[in-house]
Amino acid sequence: MEELATKYNPSEVEDKWYDYWMKHDLFRSVPDQREPYTIVIPPPNVTGVLHMGHMLNNTIQDILTRRARMEGKNALWVPGTDHASIATEAKVVAKLASEGIKKSDLSREEFLKHAWAWTEKHGGIILKQLRKLGASCDWSRTAFTMDELRSKSVIKVFVDLFNKGLIYRGVRMVNWDPAAQTALSDEEVIYQDEHSKLFYLRYKVVGEDNKYIIVATTRPETILGDTAVCVNPNDERYTWLKGKRVIVPLVGREVPIIMDEYVEMDFGTGCLKVTPAHDVNDYMLGEKYNLPSIDIFNDNGTISEAGGMYIGKDRFDVRKEIIEDLKKADLVEKIEDYDNKVGYSERTKVVIEPKLSMQWFLKMDRLTVPALNAVMDDDIKFFPPKFKNTYRHWMTDTKDWCISRQLWWGHNIPAWYLPEGGYVVAENEEEALSLAREKTGNASLQISDLRRDEDCLDTWFSSWLWPITLFNGILDPDNEEIKYYYPTTDLVTGPDIIFFWVARMIIAGYEYINDKPFKNVYFTGIVRDKIGRKMSKQLGNSPDPLDLIANYGADGVRMGMMMSAPAGNDIMFDDKLCETGRNFCNKIWNAFRLIKGWEVADGDAPESSRAAAEWFDAKLSATIDEVNDLFGKFRLSEALMAVYKLFWDEFSSWYLEMIKPAYGSPIDRATYNTTLNFFDSLLRLLHPFMPFITEELWQHLAQRADGDSIMYAPMPKAKPYDATILSRMELTKEVITGVRGVRASKNIPLKDLLVLNVLAPHAEMNDDLVKKLSNVEAINYNAGKDASAVSFMVGTTEFNIPLSGKIDTSAEIERLRKEEAYLEGFLASVMKKLSNERFVNNAPAAVVEGERKKQADAESKLANIRASIAALS
């Protein structure tokens, strides 16, 4: 006790025990004969810093990992980071720009030197921050999606899929990010509702004097790329246009009228401008009718020379300018407000442009089949299960995956272009040269004659292999670790990347290991502030997690997060939850100091202590069963609350009061040791949620050897228990609460002894505990009613406490007279309603019945009050 501080100070405890865990390699895992428990971290961006979403996700992962260790499993939590092509390259480009260096002035090799330097300087900060949270990862296994093993695996998979005919190269309409200047997959585009304008423009019909057709568009700048106007052949308004041509306004280009049922007759004017280079549906029409395709945008979203006008100007500036020019030319019919959905880049937050581009694609149709079945058949379980519908929606409508990105930071696509056209795909330069010589028949070709593809692979093309490559399952598929740790046990992630990452990992698992990558997926919610707004830097409503830990301690913050974290539902986070967590730490600390501060002596345990121990032993087992059930359903928040209530309400508020020795007296050794055993069990139940304070107190409970840790102490197991013990104690507690209520309402000091009358021959309660905790000197069964007594009900049994001589009679009579007067007034108002025939006849029967019940209750209370007044007079 001399070593244990008076107050709990997290900062003194947390670093000490984390260093201890690291020193003794307690997070380390190697294959052995135990059942494995494996969890892989969703790799955060290598240059990222800890935010509240990370806090939630990693707290949950640590809870699951620590609990698995205590269940005797060989628990492994693998950490790592993601190279995050778009985000990292953008940061490096911005950093170079601040130094007056343009990316375009550098060679690829020079740029990558800067990118690696940036990564080495800023990378891994987030993993160090996770240690402050208590994350029990095996840090010796820390991986990076662009380290040598992962990189070789990614390239090998690309080559394999290419050789299987699943990867191809072609010009397709892609989502183009003008800020990052790269293609994006469909899943990287976020659609937002916007208040836009619908512009009605006049297209002059060639050969018809002063005849125009009206075309509606939300993007007037794209008329620079129009190569046709389409109408529905069934639209009687436009049958006269068959075979005609129209002139694109301002541009002056003649384009044909084409007729296709694709056009909706009731949308806009029924005339559709066709811009094959900048709309996916127009692209399909262009393919069908062999229309030319004019790409009017440069990669940065400015107008290209092909646009012919406004060259070099930004697309949104041109939108404003072209409308003014069209108005001047009297080519605008009208402008209307219009609500539509606009696609934004998930990473850079700029409006994407549909753009024709030569890209690499992965065919998805065959690959998705086993991955879809695995989830629908519950071979892989989703928690909560509602996300199965989201998954099915994605997986039954998958398009080919655009896997190339026009970036330098990432895995360079392993394709080499031949001098005379064509290309080869290989794992390295030597293989590429060999294939090139074979393909061309030119044995004198050198590697310098070949040109490496400049693009890199989508970041997700490396992270979809994460559960496999962490155990070297691509390069060495039969190694001991992949056989032991794979499939992993649980994945904890957000539903926003269900297709980006979760689905693709499942696809890769079945393609390369012929097995699922994980057994369960736990979807967290979004962390919001207490008024429901998503946390963000822009709103300034996202606290710094490290500041929270400094203020409340890691255990307090972990508990605050988990108290409001039901699976799959958003988390309404409030600092007050962390305060509750910190207060709970103090409660645990103070309870331990109280117990350890008792003087212990040999002797028999009193009956009240024996009953208390018997009850708490049963309550502990019941809670263990409940917690096990909740963990099995991934209801972690409820599991924490069950243990919290067990400690705060049952152990601290009731059990310790039941066994507490009288002031100045010792506690018997048997009860003391039993209480320490209970405390040990409670610490072990709490450890996955609150690792630091539980380690500190567990180490103080008994003599420990160097290297011992609560994290390897077995999780408590439930014992068979008699449910009647629990119900008997609940009744006992209610009676004690009833007596205490009488004391409080009548201002009777606790030191004054009371008599408790039971108006029944028997009550299923523990008399010794009622006497001890209520300061009752006698309990009388089969007692009669006493007008001078205060009564209360527990269930169907009435109890009363005679107050003769315990209270100020005149003051009590005065109080009763006031209550009598109030009830008389209340009863009069009820009777006035009930004596009104119109009310009784017209009001709903339930309302009338409610008033009659009020009458009966008031009359009953008045009778009791008048009897009490008479007895006291």
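The values are calculated or read from the model by the stated rules, or taken from the named source; none is laboratory data. Quantities reported herein were computed from a predicted structural model and do not represent experimental measurements. Virtual Cβ from ideal backbone geometry, glycine too; neighbours counted across all protein chains shown. The accessibility values were calculated without ligands, DNA or RNA, using every heavy atom of the protein model including side chains. Shrake-Rupley method; radii C 1.70, N 1.55, O 1.52, S 1.80 Å.
Sort largest first and round to whole Å: the equivalent ellipsoid semi-axes of the range 694-790, each the square root of five times a Cα gyration tensor eigenvalue. Mind dumping the intermediate values first?
Numbers: eigenvalues 352, 68, 19 Å².
Equivalent ellipsoid semi-axes, largest first: 42, 19, 10 Å.
Size descriptors for the range 419-487 (Cα atoms only): Rg and Dmax, in that order, 17.1, 49 Å. The spread of Cα positions in the range 640-693, taken along each principal axis and listed from longest to shortest, comes to 36, 18, 15 Å. Element breakdown for the range 28-120 at a 1.4 angstrom probe: carbon and sulfur atoms account for 55% of the accessible area. Inter-part distance, the range 528-576 to the range 167-189, computed on C-alpha centroids, equals 35 Å.
Semi-axes of the equivalent ellipsoid for the range 338-466, computed as √(5λ) from the eigenvalues of its C-alpha gyration tensor and ordered from largest down, come to 37, 21, 13 Å.
With contributions of -39500 (n - 2.57) from each DSSP H run of at least four residues, the per-residue ellipticity at 222 nm computed over the chain stands at -13500 deg cm²/dmol.
Could you tell me what percent of the DSSP beta bridges with both partners in the chain are antiparallel, to the nearest 5? Here the share of antiparallel DSSP bridges comes out near 70 percent. The mean sequence separation of alpha-carbon pairs under 8 Å and at least six residues apart, normalised by the residue count of the chain, gives a relative contact order of 12 percent.
In the complete set of protein chains, residue-level accessible area for E638 is approximately 80 Å², probe 1.4 angstrom. Ordered from longest to shortest, the equivalent ellipsoid semi-axes for the range 261-307 are 24, 13, 8 Å, each the square root of 5 times a Cα gyration tensor eigenvalue. Between the amide H of A228 and those of V274, distances stay under 5 Å, these residues lying 5 or more places away or on another chain, with hydrogens modeled in the peptide plane. Ranking V49, L64, T88 by how far each Cα lies toward the positive end of the dipole of the range 1-126 (charges on Cβ) leaves T88 at the top.
Database remark: amide H of S404 closer than 5 angstrom to the amide H of W360, D458 (H placed geometrically; neighbours at sequence offset of 5 or more, or on other chains; Pro and chain starts carry no H). Charge dipole (Cα centre; +1 on Lys/Arg Cβ, -1 on Asp/Glu Cβ; no other charges) of the chain amounts to roughly 1480 debye.
Site pair K519 and K576 shows an inter-label distance of 4.0 nm when each label is modelled 7 Å from Cα along Cα→Cβ.
Between the alpha-carbon centres of the range 261-295 and the range 445-464 there is a gap of 34 Å.
When Rg and Dmax are taken over the Cα atoms of the range 540-579, they come to 10.0, 28 Å. Heavy-atom accessible area for D378, with the other protein chains in place and a 1.4 Å probe, reaches approximately 70 Å². Radius of gyration over Kirkwood radius for the chain, both on Cα atoms: the Rg/Rh ratio is 1.11. Under the simplified labelling scheme, the V189-Y663 pair shows an inter-label distance of 7.7 nm, with each label point 7 Å from Cα along Cα→Cβ.
Could you give log10 I(q)/I(0) at q = 0.11, 0.16 Å⁻¹ for the range 639-770, computed by the Debye formula over C-alpha point scatterers of equal weight, without solvent? Summing over Cα pairs of the range 639-770 leads to -0.56, -1.02. DSSP assigns beta bridges within the range 485-595; of those with both partners inside it, close to 10 percent run antiparallel.
Dividing the convex hull volume of the Cα atoms of the range 1-108 by its residue count, what figure in Å³ per residue is obtained?
205
With the Cα gyration tensor of the range 780-873 giving a ≥ b ≥ c as the square roots of its eigenvalues, does the rule (a/c under 1.5 for rounded; else a/b larger than b/c for prolate; else oblate) give rounded, prolate or oblate? Cα axes put the range 780-873 in the oblate bin.
Nearest 0.05, what FRET efficiency do K334 and D147 give at R0 = 35 Å with Cβ-Cβ as r?
Working: r = 59 Å, r/R0 = 1.69.
The computed FRET efficiency comes out at 0.05.
Computed with a 1.4 Å probe over protein heavy atoms only, the accessible surface of the chain comes to 45 Å² per residue.
Evaluate Rg over Rh across the range 712-762, taking Cα atoms for both radii and Kirkwood's formula for Rh.
Values: Rg = 17.5 Å, Rh = 14.3 Å.
Over the Cα atoms of the range 712-762, Rg/Rh equals 1.22.
Loop-located GluC sites (Glu not before Pro) in the range 243-352 (DSSP state not H, G, I, E or B) with no more than 13 neighbouring Cβ atoms inside 10 Å: E261, E264. Considering all different alpha carbon pairs of the range 105-153, the Kirkwood hydrodynamic radius works out to 12.9 Å. Only Lys, Arg, Asp and Glu carry charge here, each on its Cβ (+1 for the first two, -1 for the last two); on that basis the range 678-751 has a dipole of about 620 debye about its Cα centre.
Please work out the Kirkwood hydrodynamic radius for the range 584-636, using every pair of different C-alpha atoms, and report it in angstroms with one decimal place.
Details: mean 1/r = 0.0716 Å⁻¹.
Hydrodynamic radius (Kirkwood, Cα only) of the range 584-636 equals 14.0 Å.
Once the Kirkwood radius over Cα pairs is known for the range 288-338, the Stokes-Einstein relation at 4 °C and 1.567 mPa s delivers a diffusion coefficient of 103 µm²/s. Assuming 0.692 mPa s and 37 °C, estimate D for the range 191-312 with Stokes-Einstein, Rh taken as the Kirkwood radius over Cα pairs, in µm²/s. So the translational diffusion coefficient is about 220 µm²/s. Taking one quarter of the surface of the C-alpha convex hull of the range 342-406 gives a mean projected area of 6.2 nm².
Quick check on the range 252-357: take the gyration tensor over C-alpha atoms, sort the square-rooted eigenvalues as a ≥ b ≥ c, and tell me if it's rounded (a/c under 1.5), prolate or oblate. In terms of gyration-tensor shape, rounded. Placing unit charges on each Cβ (+1 for Lys and Arg, -1 for Asp and Glu) gives the chain a dipole about its Cα centre, and among N300, N842, V318 the Cα reaching farthest toward its positive end belongs to N842. Each residue of the range 446-461 was assigned a 3J(HN,Hα) from its phi angle through the Karplus curve 6.51 cos²θ - 1.76 cosθ + 1.60 (θ = phi - 60°); the sequence is 10, 4, 5, 7, 9, 10, 6, 4, 7, 6, 10, 7, 3, 3, 5, 6 Hz, with glycine and proline shown as x.
Compute the orientation-averaged projected area for the range 445-557 from the convex hull of its Cα atoms and round it to one decimal in nm².
The orientation-averaged projected area of the Cα hull of the range 445-557 comes to 12.7 nm².
Applying 1/(1 + (r/R0)^6) with R0 = 45 Å to the Cβ-Cβ distance of K717 and S536 gives a FRET efficiency near 0.50.
Assuming 0.36 nm per residue, please report the length gained on full extension of the stretch F316 to D547 beyond their Cα-Cα distance. All intermediate terms of the calculation are to be shown ahead of the outcome.
Details: separation 231, 0.36 × 231 = 83.16 nm, distance 4.12 nm.
Net length gain for the segment: 79.0 nm.
A straight chain from A846 to A443 at 0.36 nm per residue would run longer than the Cα-Cα distance by 135.2 nm. Ordered by 1.4 Å accessible area with all protein chains kept, K349, K313 run largest first as K349, K313.
Stokes-Einstein diffusion for the range 293-412, with the hydrodynamic radius set to the Kirkwood value over Cα pairs and evaluated at 25 °C in a medium of 0.890 mPa s, equals 129 µm²/s.
The convex hull around the C-alpha trace of the range 510-635, projected and averaged over every direction, spans 13.8 square nanometres. Computed from the C-beta positions of K833 and M641 and an R0 of 56 Å, the FRET efficiency is 0.80 to the nearest 0.05.
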